[in-house]
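Report on one structure; see the data block that follows.
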Amino acid sequence: MSPNPTEFAFGMIGLGTMGRNLLLNMADHQFAVAGYDKNQKQVDLLAQEGQGKPVQGFTDPKAFVHSIKTPRAIMMLVPAGAIVDSVIAEILPLLSPGDILVDGGNSHFTDTERRAKDLETKGFHFFGMGVSGGEEGARFGPSMMPGGDAEAYKTMQPVFEAIAAKVDGDPCVAYMGPGAAGHFVKMVHNGIEYGLMELIAETYGVLKTGLGLDNAAIGQVFTQWNEGRLQSFLVDITKDIFAFMAPDTDHLLLDDIKDEARSKGTGKWTSQVAMDLQAPVPTIDTAVSMRDLSKYKQLRGQLAEQYGPAAGALAGDKDELLKQLEQAFYFSMIMSYAQGMHLLAQASAEYKYDLQLATIAKIWRGGCIIRSTFLNDIFNAFERDNNLAHLLLDGGVAGLVQGAVPGMRAVVGAAVAAGLAVPAYTSALGYFDAFRTARLPSNLIQAQRDYFGAHTYELIGKEGVFHTQWTGLRAKPEAPAGAQANETPTTPPVPGTKESNTEPSKTQA
């Protein structure tokens, strides 16, 4: 039986799959809730699925708002971007100062920052909350990452803790930090997800093309892996995909699906922000690029004809290669998580989010798309030291990496020799090898930059920045017509210092 008007404890704007399922989840936990959608069909679906529960749908925004107890708490679950702003503009005149608005969609964190500041000046509480788990998670227990107005979250905390996934009795939801911390954490979650999905796809390619396994055998590999240390949501659903037949056929639906991957942009956002923060995430970057590359189906076909078959069988004993592939996937999975956690640490310092990485790993262990057994290791690492500069510095994680790296090198070497594309695997190995190199050849890049652009360099064991007139070491090139030859001394004053009247070069290479 539905509550009387003004008795609903919570409202939901957007009754698509996620919004409707979250609302039904709340109703299952005895919270009286209301939903609003312009589409009557969505409202009818809520009524049908919520029969006998304390839930009611509306197509009239005014009636919807007036049905909720004050101060009102309303969550939006609509597509990211301009639609969020239009929904806020529509609903705000119906609200009262002190009411709470929650954006539960995949909004870009900069949009969340802007909206929070704007609504605060108008007397409203606002916070962004990442929600992960898909349709099933929303209905039976998602992982949620709220951030922003801490007092507003405290008001909603009992509701979110009740509906969240539970691991060892702990709810998979926690306050992330101020501003857009919640949406930033969700964005990085999605970036890690991109990396893991690309790694699984490349693993499929190795099993199918490199090892010549049929679909049944590939499904068995993923089934076995999901019973061990690789246990995760993504491996679990992959084994199910390898058991799903196309309707009325004797073959897998997977074999009928085009090899052109789509995206909604959150992986790209992760790569973009990582570059802004100078936090390398090459496995995530590669995953984004490979989705883009997959869309050039016609061009790939033309290149395949021009250059011939790209890949052959991997050289070596098949059983041994399967063992090594398990190690390689485990190693690459660790690198994908490590890159994401390092990005979170850098963002926390830059944006003053004060992120607790142990808490993030803890709430990702259940409900979300990237949940896995390995998240327990990440949780333990940052629980021991929340200021750990990098996940790979943890002794426990280091032991796991050292145990898996031989298989990683063997698989990457065999795949490259066979012409099999494994770019996410190779990026993960390159990331590890570069980060554990005490002296990189990057000094040559600095010399080149100084040579052609006077961008300066630093010296080992000597303070300050320096510039050299490199052309003095060989014949001086002739000056272009109409220009004067460069007569800068070998070690001139550094641009921008008190000895110089010039500004630093704006050109960066």
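The values are calculated or read from the model by the stated rules, or taken from the named source; none is laboratory data. What you see is a predicted model; the values in this text were computed from it and never measured. Heads up, the Cβs are rebuilt from the backbone with ideal geometry, glycines too, and the neighbour counts pull from every protein chain shown. Please note that ligands, DNA and RNA were not included when accessible areas were found on the heavy atoms of the full protein model with its side chains. Shrake-Rupley method; radii C 1.70, N 1.55, O 1.52, S 1.80 Å.
Worth pointing out:
- Per-region count, region 141-161, residues of a type in the set (A, V, I, L, M, F, W, C) and assigned to a strand (DSSP E or B): 2
- Filter result for Ala313 (small (Gly, Ala, Ser), open to solvent by 30 Å² or more (accessible area, probe 1.4 Å), in the same structural domain as Phe432 (by the TED database) and assigned to a loop (DSSP other than H, G, I, E, B)): yes
- Failed item in (1) among the aliphatic types (A, V, I, L, M); (2) surrounded by fewer than 20 Cβ atoms within 10 Å (Cβ to Cβ); (3) touching a helix residue (DSSP H, G or I) at 6+ places or on another chain (Cβ under 6 Å), with Leu196 passing the rest: (2)
Each row is one residue, and each column tells you yes or no for (1) in contact with a Pro (Cβ under 7 Å, 6 or more places away or on another chain); (2) not in a loop (DSSP other than H, G, I, E, B).
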residue: Lys258; (1), (2): no, no
residue: Ser263; (1), (2): no, no
residue: Ser271; (1), (2): no, yes
residue: Thr286; (1), (2): yes, yes
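- Residue in region 117-139 that is at pLDDT 95 or above, under 17 Å from Leu24 (Cα atoms), small (Gly, Ala, Ser) and outside any loop (DSSP other than H, G, I, E, B) present: no
- Considering the conditions (1) modelled with pLDDT under 95; (2) assigned to a helix (DSSP H, G or I), Lys362 is excluded by exactly one of them, (1).
- Of the residues making up region 378-389, none is within 29 Å of Leu322 (Cβ to Cβ), open to solvent by 10 Å² or more (accessible area, probe 1.4 Å) and touching a residue at least 24 places away in the same chain (Cβ under 8 Å).
- Residue count for region 63-84 satisfying the condition of being farther than 17 Å from Glu7 by Cβ and assigned to a helix (DSSP H, G or I): 3.
- The listed residue being touching a helix residue (DSSP H, G or I) at 6+ places or on another chain (Cβ under 7 Å), within 27 Å of Glu49 (Cα to Cα), hydrophobic (A, V, I, L, M, F, W, C) and not assigned by the TED database to the domain that holds Trp269, out of Met156, Met129: Met129
- Residue within region 54-74 that is among the basic types (Lys, Arg), open to solvent by less than 30 Å² (accessible area, probe 1.4 Å) and touching a helix residue (DSSP H, G or I) at 6+ places or on another chain (Cβ under 9 Å) present: yes
- Hits in region 12-36 (condition: surrounded by fewer than 24 Cβ atoms within 10 Å (Cβ to Cβ) and either over 29 Å from the mean Cα position of the chain (by Cα) or under 17 Å from Asp99 (Cα atoms) (or both)): Ala27, Asp28, His29, Gln30, Phe31, Ala32
- The requirement of being assigned to a helix (DSSP H, G or I) and at negative phi is satisfied by Gly340.
- Options Ser107, Ser86: the member that is out of contact with any Lys or Arg (no Cβ under 6 Å at 6 or more places or on another chain), at pLDDT below 95, polar (S, T, N, Q) and loosely packed, with under 13 Cβ neighbours inside 10 Å: Ser86
- Residue pairs whose Cβ atoms lie under 6 Å apart, sitting 6 or more positions apart in sequence or on different chains, and linking a residue in region 422-449 that is among the aliphatic types (A, V, I, L, M) and open to solvent by less than 40 Å² (accessible area, probe 1.4 Å) to a partner that is modelled with pLDDT under 95 and in a helix (DSSP H, G or I), do not occur here.
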